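Here the structure comes first, spelled out in structure tokens, and everything after it is commentary.
The values are calculated or read from the model by the stated rules, or taken from the named source; none is laboratory data. Predicted model only: the values in this text are computed from it and were never measured. Every residue, glycine as well, gets a Cβ built from its backbone with ideal geometry; the counts of neighbours run over all protein chains shown. Please note that ligands, DNA and RNA were not included when accessible areas were found on the heavy atoms of the full protein model with its side chains. Shrake-Rupley method; radii C 1.70, N 1.55, O 1.52, S 1.80 Å.
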Amino acid sequence: MYDAPTPETRLTQNTTKITARGVQVYYGDKQALKDVNVDILDNTVTAFIGPSGCGKSTFLRCFNRMNDTVASARVQGEILLDGENIYDKRVDPVQLRAKVGMVFQKPNPFPKSIYDNVSYGPKIHGLTRSKTELDQVVEESLRKAALWNEVKDRLNEAGTGLSGGQQQRLCIARAIATSPEVLLMDEPCSALDPIATAQVEELIDELRASFSVVIVTHSMQQAARVSQKTAFFHLGSLVEYGDTSTIFTNPSDPRTESYITGRIG
Amino acid sequence: MPILLLIIVLGVLAIAGFVLGRRRALASVEGNTRRLHSLPNYYAWHGAIMAFLPAIAVLTLWLIAQPLIIERQLSGYFPTEQFENNSQRILLMADVRRVAEGLDVAVAAGALSETDAASLSADGSIRERLAGVGVALGADVTPQVLEASQAYRQLAANGGLWRSVLTLIVAVAGLLYALRITNGDFRARNRVEGVILGVLIMASTIAILTTIGIVLSMLSETIRFASMYPFKDFLFGLTWQPSFQGNSQLGLLPLLWGTLYISLVAMIVAVPTGLFTAIYLAEYASPRVRSIVKPLIEVIAGIPTVVFGLFALVTVGPFLRDWFAVPTGLGSSGSSVMTAGLVIGVLNIPFISSLADDIINAVPQSLRDGSYGLGATKSETVRQVILPAALPGIVGAILLAASRAIGETMIVTMGAGAAAKLDLNPFEAMTTITVKIVSQLTGDTEFNSPETLVAFALGMTLFVITLGLNIFALWVVRKYREQYE
Amino acid sequence: MTDATSANVPASAPVPHASSLLTQTALMKKRNAAETRFKAYGIAAICVSLSVLAVMLWTIFSDGVSAFKQATFTFPVTLDPERLDPKGNRERDEMMRVTTIGYTNLLNQQLVAYLAERDISTEGVDDKDIAAFISRDTPARLRNMVLDNPDLLGQTIRFEGFATGRIDGYIKGRVTRDTAERDTNISVAQLDLADRMIDEGILSAKFNWSFLTAPDASDQRPEAAGLGVAMIGSAYMMFLVVIMVLPLGVAASIYLEEFAPKNRWTDLIEVNISNLAAVPSIVYGILGLAIFINFAKFPQSSPLVGALVLTLMTLPTIIIATRAAIRAVPPSIRDAALGVGASKMQTVFHHVLPLAAPGIMTGTILGLASALGETAPLLLIGMVAFVANYPAGPLDGGMLDPATALPVQVYSWASRSDPAFIERSAGAIIVLLAFLVVMNIVAIVLRRKFERRW
């Protein structure tokens, strides 16, 4: 199954952050992902698109080993983060996830205060030495998530009391508070209304300055708007990977074209 | 006519109603069942119900009302002041009933003729005559009691006759009414279903009736207790010393202290163990381990408490005494707060663990994902995300367990001891509310003494405490469930 | 997006991570250690509960198994007609005049004679001491045997009779020479004689059917005490509980689940049911005593009252289980039945109830199992009383006769002073647990067999 060689499109000056080679994922006996090879670049937004059940979320969850929490899941192949195989026996997934943050489909703030939500990561990873330092990290993260001005007067109120869009930005702030190097986003806007979606999309574009962002999305418009690179998945295989502009205007694989024009999916 | 025979006759009438109702419905449409509103069996059931139900209702009412009315009728035979006094009246009526029953037996055995029984005078021979047919009377029969019981027999016989007549009239009337209104257009199904619905509603109100029964039975006896013993001394008394000669000291506090102390020990055992068990099963165990361990833990909950009681008495008590209490010089008794508390704690482990397991599983997976996604370990996720999220539910579970520990009877009866003490030493024998309820109600004391009636006041106390805990706990759990639904 | 610009604050990680993923930071090691500890607590908690369970079951079994065995004498007894039927006409009424004392003397003499004949004797044991070996229950059994079958008179039969509790305890290891020295009921010399008798095959431990069938016996005769009355009482109660609780529970559940409007009244019922399920069982005993015995004048200690109390006590749990079973029937089934014109009542009785039946049965059996093991409320309605007579048959008003119940028998034996009764108590638990295991297995099989995934 090697139907889509990674296209050697014009590379930006950005360095490669993640390299995936021959990744296969099984859920029990069922193969969910077949032999995927991809290079994810630093300071770039990479979008994974494809019809439901094509394996894009599964692949995303390989990058921070969230699949480990599913008892039946098995991952083969190797994924290198800055040249180190994250599936190496010596790697602690807990330590990995501090470097590779994740934002989920549905906003899932903890039933704690806004402050406690954001400070949770830095606290468990022991990133700060004092309360003032922690305050600083929380403020910085909330500012980066474009939420500071809305919540700065009610940091001690419950995170669950915010609106949907605010909750998702809180989750983004929570994820970036551990200063990860990669930020994974699993359909972060699917539970949001259009206005909140626009805010989050704008935020994603800004986050690119500090992180490598990988986003799974159902919406091709969203992929076109926020990403620089796009990967198209179909039936568990990576069909095509390249610059977003190329994929959307001049796809090389007929399946990509059918999907983009709305004939499959 | 005896009641059993009467009920059998009613049953026969109901069967007649069943057959006739069906036949009449079919006849009214000349056997063409399609012209009937309902299936023929509904007409049959309608006939049966109308013959049986109103009659049995009348019979029930009569059975409840007759003794009350007879009692009032008999008031003329006794001095008013005796009859006004509640407990004396109860005793008198018991005597009357007993003599009347004795006369019945004597007549049935042929030792007395019916006229003899009615005209017998109280000359002392009555005891021997009744003893001759196997009826033992406690005290000598006073003339008043004898006259009253003769009148009682007369009234009861009359009542029995009228009871049968009225019941049968109602049954036949119901049957005729059912037959009269039965025709093809009659909506028998709706009527029958209405009756079934009524029965269903009655069944569902049993729960309410039980509660009312509990409250009323304990309340009335508690009030009687309060009329014999100062209630303030009961609530705040520091000494529990019942004595059969009177002058008992019946203070609640030592019992309450024992109860709470033992429950505290039990909760100290059960809460951490139960919680960690639940956490391990819900978050760590593989499905295989879970499927084996969870039922095994629940086996504990299925074992009768009397088994735990014997375990406390035979094994735990002597073990604690020989290895802890005696070496440390803290006590020399096998029965102790520790013994009962530890065993109740073990009994409560599966209760807490299965409730907490449910509650932890109700915490949405997305919260776990969020925490793992941030790089938290499992234990950090459990401690900082799952437990805080599940806290209200877990508090509810703990309160329910506490209420069980407080109400537990057999283990404390067999393992805690019988001495009412206000002591801090956990290796001392102490006693609880439940132990004293059992001992006061299974002894041979007279029922109308404060020493016996105090058991009802203790029961009331226990009921109020546990009900309060339960209502609060269930409310907390319910609120918690709604949050994640 | 008022603060959009602030997002351009340069990313300054407060403390840089360890650069490599392949090495664990010191903090990570600490965190992982905490993780391991936490997990170990969980395993420890489970081990504690399960090992207590194991210890409990083990002690009870090892204490109780011996209750099924009983030290028994086997020796020839010549039933002398002169003594047992002085008038010689084999009339039952005449023979009844010979009391158990007559039989006791007969047995004692024959045992002494038999031992003398076999030349079994021990220093310091006189005839009276030998006679003390025989349980006081044994002559009564021989008497009943003879009364039932007068033809035995004049014959020499191989008679099996129980030894007293102390001898029984000696054979089972409960009584030792050390304890005998301090015991006024038995002497060391008697134990020596017992050893001789065991060697000669006169005394041996045999399986004790009468433990399962005999009624309770007094404090003095632990060897004769049996579970017969308790088992009949429990059986009567379970029978009555089933026929009361099942219709009531199902009817109430159907109403609450299918017909009840959502209003304050049904809310009250619901809250009530869940609270009643958590009321201490002894409160039901008080209710039973006050309502059924003191008010309605039902006979004390009777299975009927016990069953009424247990019914009220189990009803809430049964209702909760039944409602869950009814709720598990998918609404599509109801829609289908209503769609072809069935009335609501027909839908429930023809479709929902049969589909929910396995679940209801499972819940009911489990409820019954807990009722079977319940003790506290039965104490209050007098079932703890000493009952030495079997209740009458179920159709002869046996439900109103005094009886005990298995768990109550466990309690009342446990509270007697002679340690022989502790063994009986543990033996009774074995019987009780056997019934519970069977009930639970039936429930599990039912659930496995009929479990449906919609």
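Per-structure values
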item	result
Residues located in the stretch B:2-38, provided they are assigned to a loop (DSSP other than H, G, I, E, B) and loosely packed, with under 15 Cβ neighbours inside 10 Å	B:Pro2, B:Glu30, B:Gly31, B:Asn32
Close pairs (8 angstrom Cβ cut-off, 6 or more residues apart or separate chains): within 16 Å of A:Asn37 (Cα to Cα) in the stretch A:71-86, open to solvent by 80 Å² or more (accessible area, probe 1.4 Å) anywhere	A:Gly77/A:Arg21; A:Glu78/A:Arg21; A:Ile79/A:Arg21; A:Leu80/A:Arg21
Residue check for B:Leu474: part of a helix (DSSP H, G or I), crowded, with 21+ Cβ neighbours inside 10 Å and either in contact with a His (Cβ under 8 Å, 6 or more places away or on another chain) or at the interface with another protein chain (Cβ under 10 Å from one of its Cβ atoms) (or both)	no
Condition met for A:Ser72 (within 14 Å of chain B (Cβ to nearest Cβ) and hydroxyl-bearing (Ser, Thr, Tyr))	yes
Failed criterion for B:Val135 (all others in (1) open to solvent by less than 40 Å² (accessible area, probe 1.4 Å); (2) modelled with pLDDT of 70 or more hold)	(2)
Boolean, B:Arg404 is under 30 Å from B:Leu255 (Cβ atoms) and within 14 Å of chain C (Cβ to nearest Cβ)	yes
Output for the stretch B:403-434, where each listed residue is part of a helix (DSSP H, G or I), closer than 14 Å to C:Val384 by Cβ and open to solvent by less than 10 Å² (accessible area, probe 1.4 Å)	B:Met410
Helices (runs of 4 or more DSSP H) contained entirely in the stretch C:317-417, each with at least 3 residues that are touching a residue at least 24 places away in the same chain (Cβ under 8 Å), open to solvent by less than 30 Å² (accessible area, probe 1.4 Å) and more than 12 Å from chain B (Cβ to nearest Cβ)	C:353-372
Among the residues listed as B:Leu179, B:Leu209, the single one being closer than 30 Å to C:Phe349 by Cβ, more than 10 Å from chain C (Cβ to nearest Cβ) and either open to solvent by less than 70 Å² (accessible area, probe 1.4 Å) or at pLDDT 90 or above (or both)	B:Leu179
Condition check for A:Gly53: open to solvent by 10 Å² or more (accessible area, probe 1.4 Å), outside any loop (DSSP other than H, G, I, E, B) and more than 7 Å from every other protein chain (Cβ to nearest Cβ)	no
Tally, over the stretch B:256-274, of residues that are open to solvent by 20 Å² or more (accessible area, probe 1.4 Å), closer than 16 Å to B:Thr413 by Cα and of a type outside the set (A, V, I, L, M, F, W, C)	1
Check on B:Leu458, open to solvent by less than 10 Å² (accessible area, probe 1.4 Å), in contact (Cβ under 8 Å) with a residue 24 or more places away in the chain, facing another protein chain (nearest Cβ under 10 Å) and part of a helix (DSSP H, G or I)	yes
Any hit, the stretch C:51-64, residues being farther than 30 Å from B:Ile352 by Cβ and in contact with an Asp or Glu (Cβ under 8 Å, 6 or more places away or on another chain)	no
B:Ile386 under 30 Å from A:Leu170 (Cα atoms), more than 10 Å from every other protein chain (Cβ to nearest Cβ), hydrophobic (A, V, I, L, M, F, W, C) and open to solvent by less than 40 Å² (accessible area, probe 1.4 Å)	no
The stretch B:212-239, residues that are among the charged types (D, E, K, R) and within 14 Å of chain C (Cβ to nearest Cβ)	B:Glu221, B:Arg224
Of the criteria (1) touching a residue at least 60 places away in the same chain (Cβ under 8 Å); (2) open to solvent by 80 Å² or more (accessible area, probe 1.4 Å); (3) more than 30 Å from B:Glu30 (Cα to Cα); (4) touching a Phe, Trp or Tyr at 6+ places or on another chain (Cβ under 9 Å), which one B:Gln249 fails	(1)
Residue under evaluation C:Val271, criteria (1) more than 9 Å from chain B (Cβ to nearest Cβ); (2) open to solvent by 30 Å² or more (accessible area, probe 1.4 Å), criterion not met	(1)
The stretch A:194-215 residues that are facing chain C (nearest Cβ under 9 Å) and under 15 Å from A:Gly164 (Cβ atoms), paired with ones that are open to solvent by less than 50 Å² (accessible area, probe 1.4 Å) and not in a helix (DSSP H, G or I) (beta carbon under 7 Å, 6 or more apart)	A:Gln199/A:Ala146; A:Leu203/A:Ala145; A:Leu203/A:Ala146
Residue match in the stretch B:288-306 (condition: part of a helix (DSSP H, G or I), farther than 30 Å from B:Ile386 by Cα and either among the basic types (Lys, Arg) or at the interface with another protein chain (Cβ under 7 Å from one of its Cβ atoms) (or both))	yes
Complete set of residues in the stretch C:58-116 that are surrounded by fewer than 13 Cβ atoms within 10 Å (Cβ to Cβ) and under 30 Å from C:Ala414 (Cβ atoms)	C:Trp58, C:Ser62
Qualifying residue in the stretch A:223-242 (condition: small (Gly, Ala, Ser), open to solvent by 60 Å² or more (accessible area, probe 1.4 Å) and not in a strand (DSSP E or B))	no
Whichever residue in the stretch C:147-162 is outside any helix (DSSP H, G or I) and of a type in the set (A, V, I, L, M) and, among such residues, is surrounded by the most Cβ atoms within 10 Å (Cβ to Cβ)	C:Leu153
In the stretch C:163-216, the residues that are in a helix (DSSP H, G or I), open to solvent by 40 Å² or more (accessible area, probe 1.4 Å) and among the polar types (S, T, N, Q)	C:Thr179, C:Thr213
Residue within the stretch B:294-314 that is modelled with pLDDT under 90 and surrounded by 19 or more Cβ atoms within 10 Å (Cβ to Cβ) present	no
Matching residues in the stretch A:6-26 - criterion: being open to solvent by 70 Å² or more (accessible area, probe 1.4 Å) and either under 27 Å from A:Gly53 (Cβ atoms) or modelled with pLDDT of 90 or more (or both)	A:Arg21
Any hit, the stretch B:362-375, residues being within 34 Å of the chain's Cα centre (by Cα) and open to solvent by 20 Å² or more (accessible area, probe 1.4 Å)	yes
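So that you can scan it fast, the table gives a plain yes or no per residue for (1) modelled with pLDDT under 90; (2) in a helix (DSSP H, G or I); (3) not small (Gly, Ala, Ser):
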{"position": "A:Asn67", "(1), (2), (3)": "yes, yes, yes"}
{"position": "A:Ala71", "(1), (2), (3)": "yes, no, no"}
{"position": "A:Glu78", "(1), (2), (3)": "no, no, yes"}
{"position": "A:Val94", "(1), (2), (3)": "yes, yes, yes"}
{"position": "A:Ala98", "(1), (2), (3)": "yes, yes, no"}
{"position": "A:Met102", "(1), (2), (3)": "no, no, yes"}
{"position": "A:Asn108", "(1), (2), (3)": "no, no, yes"}
{"position": "A:Asp116", "(1), (2), (3)": "no, yes, yes"}
{"position": "A:Tyr120", "(1), (2), (3)": "no, yes, yes"}
